[in-house]
Amino acid sequence: MKFPSLALFLLWIASVSGHAQAPNPYVTFESASVTAGHALPGSNAIVTVTFKLKEGFYLHSNRPLLRQATATFVQVGQNASARALPAAYSFPASKKTIPGVPQPVDVYEGQLTAQVPIAIGPAAVFPITLPGFITFVPMQDKAHTAADRLQRVNFSVTIARSTNQPPTNAKAPAAKTPAPKAPAKK
């Protein structure tokens, strides 16, 4: 009866390794929300994904000027209901002067946002959950050297169905209801 014990052990190993990954010490996923378009079957929407960067570290832009720099890369996947197009990155938060480099380079500090266009299929089933990841090399702010090797943070984007109703106007006056009539006197 060693086989069932081995099978249970392998099942336990698979369940332990299937748990969520440990939080990344350099970049954390903050949020993802639909910021443009309507999340309806057959339409397009733009999802803004936000990441928080640890203080004292920065990331090179998605198109670094330095040959030896590793580009920061955000990708969102697809499923049967929707597919994501390539991300558009926010402008780098600042420029860093790096020793030995004649001009300042663009970097992300504090926060990074990316806008991801999503094409929603005509037979989409809501809510839609799409997997995503960001890859980067964390750079130490003061030393301008890599703090660690290439890192990856997985996240997911969940899109709820829009109602496609115009927003309500909070300043519109309330509709007047007529006062109840007093009973007639005899």
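What to note about this one:
- Cβ-Cβ under 6 Å pairs, at least 6 apart or on other chains, the range 113-124 side in a loop (DSSP other than H, G, I, E, B), far side of a type outside the set (D, E, K, R) and surrounded by fewer than 19 Cβ atoms within 10 Å (Cβ to Cβ): Pro122/Pro41; Pro122/Gly42; Ala124/Pro41
- Candidate set: the range 1-42, residues that are more than 20 Å from the chain's Cα centre (by Cα) and small (Gly, Ala, Ser); chosen: the one modelled with the highest pLDDT: Gly42
- Tally, over the range 35-78, of residues that are buried (at least 20 other Cβ atoms within 10 Å of the Cβ), of a type in the set (A, V, I, L, M) and under 16 Å from Val157 (Cα atoms): 6
- Within the range 91-121, the residues that satisfy the criterion of being under 16 Å from Val27 (Cα atoms) and of a type in the set (S, T, N, Q) are Gln111, Thr113.
The values are calculated or read from the model by the stated rules, or taken from the named source; none is laboratory data. Since the model is a prediction, treat every value here as computed from it, not as a measurement. Cβ: placed from backbone, ideal geometry, glycine included. Neighbour counts: every protein chain shown.
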